[in-house]
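Visitor: Sharing a structure with you now.
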Amino acid sequence: PVLVESLVVFVIVLSVHGVVWDRFSWCALALALQAFYVQFKWDRLLQGGGAVFQFRGAANSGLLPASMVIPLLGIVMKERCRAAGIVYFERFGVVVASTGMLLALFLSVLAVGITKPVPTNTCILTGMAGSVIIYTMKHSLAVSEVIEVLEVLLIFVYLSMILLYLLPRCFTPGEALLVLGGVSFVLNQLIKRSLNVVEGKGDPIDFFLLVAVVGVVLLGLFFTVLFIFMDSGTWISSMFFHMMTAVLGLGVIMPWLYRLIHRNPLLWLLQFLFQTQTRLYLLVYWTLLAASACGVVFYQNAKRSSESKKHQASTITRKYFHFIVVATYVPGLIYDRQLLYVAAVLCLAVFIFLEYIRYFRIKPFGQTLRHLLSLFLDERDSGPLILTHIYLLLGMSLPVWLFPRSCAPKGTLSGAGALVPYSGVLAVGVGDTIASVFGSTMGEIKWPGTKKTFEGTMTAIFAQIIAVALILIFDSSVNLNSSYAWILASVSLVSLLEAYTTQIDNLLLPLYLQIMFMA
């Protein structure tokens, strides 16, 4: 399975660079080659218990697929913005690609450094890849951009040491690279923009995303340190939790956002949400869907109580939430993408805050949330945190958040790029859901070395093609310009990756599909 997963990733990398070839292509190929070798060192460390931290079990390291996501995103963003003539975001793409390569290289060096005996051939290969990357960065980045890349690397190192120690068995090395690398980049961007804030420059919804992500992460770190010295399950601790949340929210996060957007954040948010009648209709519709999702949770828990305490939700039951999320995102993508952007940020903040309440057993809802959500756990929730629902939200939202609006004339890209915001809907909402449902009910021919079935993968590809046809019918802004072969190849490769990867597919698949569409 690891070899096939690696082969699919190599095909994606070569496909992207077959369209987008520049000096960073050599770096990406060198990075992919050394990550392929180093991931076997990571796998051996995980199996032998020699890794520095406790990583998620029942999965390989995932170093190769995770290592290529951020560099490829930066490269395709750079090319799209260069074609549109937007120099600022072209340089931003270069910084993203360089940062991703350096973070992946750091994880590789870490694996090589703790492997005993030292693997000579892998050391040489990692050194050669590092030399190519550093040489290219030297001739591609300005001094200020080099400093920015090193700042992200420094944040990533410290954040990894703190969170991987506090949250054992929550991530594989590859998932840690994606999640913590993304948080490190967001934190650095927020610091940079706060220090160089210019009135009227920058989109408020972008600042809202940066402040919300950094705010909930800092909130979690603060309470984690605090509850080392206090019992979080008491009423006094719970009152202190809610009080400090209000103090940090109103005393730190709100003023920080006010400095960036130069207006009252709460008034701006209310004005934004209720600006048009369409937004009001969407908010009411989403509220009804959220209520139906809660109804599924309560119904399944009532069913567990009446049948057996060991009853666990089936795969098909868990996929109900995928259908609900698709029903949530598609109208937002068609009618108001900015509202969807902001609503997804709010939903992420709420999800993470509720996970804090569950994890710390904050009264009065902490123990209730533990009981309700335990029904939907699977083998990927082996650590103290339950992250699969947050990964589902991220997988659907990242293509919307990472869509290069400034480099898209008339708000949309040409060709397959027009489907970029729909990457999460297609890869996770349609493809992964259909593959899981059909594979578990009708699948008979299994892919070698996996539990996934050939029938599930084929129906997933077919369902995504039908979904693309429906998007063409209902969304007038999408114009594919005869790029149907590329779309079919992209969907097929990502569906095959879903069949073989042991990483969190809700997070990985939308990003790879977005990369293919943007290329």
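The values are calculated or read from the model by the stated rules, or taken from the named source; none is laboratory data. For clarity, every value in this text was computed on a predicted model and none was experimentally measured. Neighbour counts are summed over all protein chains in view; Cβ atoms, including those assigned to glycine, are modelled from backbone coordinates with ideal geometry. Accessible surface is based on the protein model in full, side chains and every heavy atom, while ligands, DNA and RNA are left aside. Shrake-Rupley method; radii C 1.70, N 1.55, O 1.52, S 1.80 Å.
Visitor: Does region 1-110 come out rounded, prolate or oblate, given a ≥ b ≥ c as the square roots of the eigenvalues of its C-alpha gyration tensor, rounded meaning a/c under 1.5 and, failing that, prolate meaning a/b above b/c?
Guide: Values: a/c = 2.90, a/b = 1.99, b/c = 1.45.
Note, shape of region 1-110 comes out prolate.
Visitor: I would also like to ask the following. For region 344-383, just say rounded, prolate or oblate: build the C-alpha gyration tensor, square-root its eigenvalues into a ≥ b ≥ c, call rounded for a/c under 1.5, and beyond that prolate if a/b exceeds b/c, oblate if not.
Guide: Oblate.
Visitor: Sticking with this one: Across region 342-354, in residue order, what do the Karplus-derived ³J(HN,Hα) couplings come to in whole Hz, using 6.51 cos²θ - 1.76 cosθ + 1.60 with θ = phi - 60° and x for Gly and Pro?
Guide: Here the 3J(HN,Hα) series is 5, 5, 5, 5, 4, 5, 4, 4, 5, 4, 5, 5, 5 Hz.
Visitor: State, as an integer percentage, the relative contact order of the chain based on alpha-carbon contacts under 8 Å between residues 6 or more apart. If you can, show how the numbers build up before the last one.
Guide: Values: 640 pairs, mean separation 93.9, N = 519.
Normalised by residue count, the contact order of the chain is 18 percent.
Visitor: By average Cβ neighbour count within 10 Å, what is the ranking of 505-518, 376-389, 282-295, 165-178 from highest down?
Guide: Details: 505-518: 26.4, 376-389: 17.1, 282-295: 13.1, 165-178: 22.1.
Order by mean packing, descending: 505-518, 165-178, 376-389, 282-295.
Visitor: Given a cut-off of 25 Å, name the pairs among K319/K451; K319/K452; K138/K192; K303/K452 whose C-alpha atoms lie farther apart than that in the structure shown. Walk me through the numbers on the way to the answer.
Guide: On the way: K319/K451 17 Å; K319/K452 16 Å; K138/K192 22 Å; K303/K452 28 Å.
From the list (K319/K451; K319/K452; K138/K192; K303/K452), the Cα-Cα distance tops 25 Å for K303/K452.
Visitor: Something else now. Over region 75-194, what is the relative contact order in whole percent, taking alpha-carbon pairs under 8 Å and six or more residues apart? List each step's numbers first, then the result.
Guide: Details: 68 pairs, mean separation 30.4, N = 120.
The value is 25 percent.
Visitor: Please list 3J(HN,Hα) in residue order for region 444-460, calculated via the Karplus relation 6.51 cos²θ - 1.76 cosθ + 1.60 where θ = phi - 60°; whole Hz, with x for glycine and proline.
Guide: My calculation for region 444-460 gives 10, 8, 8, 5, x, x, 10, 8, 6, 10, 4, 5, x, 5, 5, 5, 5 Hz in order.
Visitor: Can you list residues whose amide H is under 5 Å from T453's amide H, if they're 5+ apart or on another chain and H is modeled 1.01 Å from N?
Guide: Those lying under 5 Å, H to H, from T453 are W447.
Visitor: Sort by residue number and report every cysteine in the chain with no other cysteine beta carbon within a distance under 4.7 Å.
Guide: C27, C123, C170, C294, C347
Visitor: Given a Förster distance of 25 angstrom, what is the FRET efficiency for V143 paired with L218, based on the Cβ-Cβ distance and rounded to 0.05? Spell out each step's value before the answer.
Guide: Numbers: r = 29 Å, r/R0 = 1.17.
With a Förster radius of 25 Å, E is 0.30.
Visitor: Could you please state how large a percent of the accessible area of the chain is carbon and sulfur, counting protein chains only and using a 1.4 Å probe? Write out the running numbers ahead of the final one.
Guide: Numbers: 16010 of 22940 Å².
For the chain, the apolar C and S fraction of the accessible surface comes to 70 percent.
Visitor: In square angstrom, what is the accessible area per residue of the chain with a 1.4 angstrom probe?
Guide: Values: 22940 Å² over 519 residues.
Ligands and nucleic acids excluded, the figure is 44 Å² per residue.
Visitor: Show me 444-454, 72-82 ranked by packing, highest mean number of other Cβ atoms within 10 Å first.
Guide: Details: 444-454: 14.0, 72-82: 23.3.
Descending mean neighbour count gives 72-82, 444-454.
Visitor: What is the distance, in nm, between label points placed 7 Å from the Cα along the Cα-to-Cβ direction at M230 and at A84?
Guide: Those two pseudo-labels are separated by 4.6 nm.
Visitor: Then there's this: How much FRET efficiency would the formula 1/(1 + (r/R0)^6) give for V350 and K446, where r is the Cβ-Cβ distance and R0 is 60 Å, rounded to 0.05?
Guide: Working: r = 38 Å, r/R0 = 0.64.
Rounded to the nearest 0.05, the efficiency is 0.95.
Visitor: Need one number: nm distance between label points at F454 and C123, each 7 Å from Cα along Cα→Cβ, rounded to one decimal.
Guide: Here the answer is 4.6 nm between the modelled labels.
Visitor: Sort W268, W256 by accessible area with a 1.4 Å probe, largest first.
Guide: Largest accessible area first, the list is W256, W268.
Visitor: So if R0 is 41 Å, what FRET efficiency would Y320 and L14 give, r being the distance between their Cβ atoms, rounded to the nearest 0.05?
Guide: Numbers: r = 38 Å, r/R0 = 0.92.
With a Förster radius of 41 Å, E is 0.65.
Visitor: While we're here: Multiply the residue separation of L250 and N479 by 0.36 nm, subtract the distance between their alpha-carbon atoms, and state the gained length in nm to one decimal. Don't skip to the answer; put the middle values down first.
Guide: On the way: separation 229, 0.36 × 229 = 82.44 nm, distance 4.40 nm.
Full extension of this stretch gives 78.0 nm more.
Visitor: Place the peptides 127-139, 413-425 in order of packing, highest mean first, counting for every residue the other Cβ atoms within 10 Å and averaging per peptide.
Guide: Details: 127-139: 16.1, 413-425: 24.6.
In descending order of packing, they fall as 413-425, 127-139.
Visitor: Okay, next question. Could you check the spin-label model distance between A489 and I466? Points 7 Å from the Cα along Cα→Cβ, value in nm.
Guide: Modelled inter-label distance: 2.6 nm.
Visitor: Would you please classify the overall shape of the chain from the alpha carbon gyration tensor, given that a ≥ b ≥ c denote the square roots of the eigenvalues, rounded means a/c under 1.5, and beyond that prolate means a/b larger than b/c while oblate covers the rest? Before the final figure, lay out each step's value.
Guide: Numbers: a/c = 1.14, a/b = 1.12, b/c = 1.02.
Note, shape of the chain comes out rounded.
Visitor: Starting from 0.36 nm per residue, how many nanometres of slack lie between H242 and Y135 once their C-alpha separation is accounted for?
Guide: Numbers: separation 107, 0.36 × 107 = 38.52 nm, distance 5.02 nm.
Additional length available on full extension: 33.5 nm.
Visitor: Any idea what the relative contact order of region 132-278 is, in percent, if you count C-alpha pairs under 8 Å spaced at least 6 apart?
Guide: Relative CO of region 132-278 lands at 23 percent.
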